[in-house]
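A short write-up of the structure that comes next.
Coordinate-derived values only; no laboratory data. Treat the numbers as computed from the prediction; the structure is a model and nothing was measured. With ideal geometry, Cβ positions are generated from the backbone for all residues, glycine too; neighbour counts draw on all protein chains shown.
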Amino acid sequence: MRIFIRLSALLAITVAAPALAEGTASQRAACEDDAYRFCQAQVPDAVAIEKCLRASAASISPACRTELGLASPASETTPPSGGKKRKH
């Protein structure tokens, strides 16, 4: 009986793993075009696509950056002191 339970659990994990790797519906909606544009060589490997999109963060759409939890390029380049730099 224990073997049956273990095999059932292993089967459930194996079947569920590809679905988990595909991302959420909102991630797919926001990033699908960017994935095909910048990461076509990685399709259909969801993990490789996410790595590629993160590496291409400056080029992908703002919606996709948001879904991936990345800061927008504008916020990375704006100095935190209101846009003015002090001279030392």
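Name the residues in the range 45-74 that are in a loop (DSSP other than H, G, I, E, B) and not polar (S, T, N, Q), would you?
Quick first cut of the range 45-74, residues in a loop (DSSP other than H, G, I, E, B) only: 45, 56-61, 68-72.
Result: ASP45, ALA57, ALA58, ILE60, LEU68, GLY69, LEU70, ALA71.
Restricting to the range 32-75, name every residue that is among the small types (Gly, Ala, Ser), closer than 17 Å to GLU22 by Cβ and over 9 Å from the mean Cα position of the chain (by Cα).
ALA35, ALA48
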